[in-house]
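First comes the structure, then the notes that go with it.
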Amino acid sequence: MNRKDKKEQKQNEKEMTKRNGTHKLDNRINDTVEEVKQTLQNEIEDIQNELEKLLNDLKNKNEKIKELELEIADYKDKLLRKAAEFENYKRRTENDQLNILKYSGETFILKLLPVVDDFERSLAHIDNAKDVDAVKKGIRMVYNKLKKILEEQGVKVIESIGKHFDVDYHEAMMQRKDDSVPGHTVLDEIEKGYLYKDKVIRHTKVIVSEAKAEDTININSDDINKNGNEDS
């Protein structure tokens, strides 16, 4: 092999080596590009999956929000209805209470009306009545009926005559001397007093006996004994 051939051979080998190196580089570049493409593809798929998941979550949350909004609207409607019902109930209750107060005496008045009827019948015949005893009897019957109605309502006469004067039940209008009874004894009634259940609604206006000397002595003795007991 001459020098020229050797030179050409060496040149060919260099070119072959260069082509092989270029081919390997191209292969590595292609492999790298494929790896990058695959990585990007995987990341894109992950992002798409995550985005799809977020969209589904958002959709579910929107649906939940709509459900909650419907529930809130329903509760609000029920609350408004209840408020309106309560106002109506309150108004009815107030009206009922006012009516109870306004017509509280209705039952009592209905019981009194027959007594009024009896009085009117008696008055209609009293001028032409010839039997005075019958008239008295009729008036007494009407009085007893009225008294019974009052007692049924809890109204009672305060029994006073012969009782010791008591400021809780009596109002002294005058005094009168009477040696047959102790001092401060109720001798007579000027105007009857009444109890309504356990409450005095009108004190009895009374005449009481004058205090006697022995009453004053007894009072002073009681005071002395009381003071002596306190000192001891």
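All of the numbers you see were taken from the coordinates with simple rules; none came from a lab. Only a predicted model underlies this, so the values are computations on that prediction, with no experimental measurement involved. Because the Cβ atoms are built from the backbone with ideal geometry, glycine has one as well, and the counts that use them run over all protein chains shown.
Evaluate the Kirkwood expression for the hydrodynamic radius of region 156-214, namely the inverse of the mean inverse distance over all pairs of different C-alpha atoms, and round to one decimal in Å. Before the final figure, lay out the partial values.
Numbers: mean 1/r = 0.0874 Å⁻¹.
One over the average 1/r among Cα pairs gives 11.4 Å for region 156-214.
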Can you flag which of Lys156/Lys205; Lys145/Lys192; Lys102/Lys205; Lys130/Lys192; Lys61/Lys82 are past 22 Å Cα-Cα? Lys102/Lys205; Lys130/Lys192; Lys61/Lys82
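If R₀ is 35 angstrom, what is the calculated FRET efficiency for the pair Lys212 and Glu151, using the beta carbon separation as r and rounding to 0.05?
0.40
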Tell me, what is a quarter of the convex hull surface for the C-alpha atoms of region 103-153, in nm² with one decimal? 3.6 nm²
In whole angstrom, how far apart do the alpha carbon centroids of region 162-205 and region 22-94 sit? 92 Å
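How high is the relative contact order of region 114-189? Use alpha-carbon pairs under 8 Å, at least six apart in sequence, and give a whole percent.
Numbers: 32 pairs, mean separation 20.9, N = 76.
It rounds to 27 percent for region 114-189.
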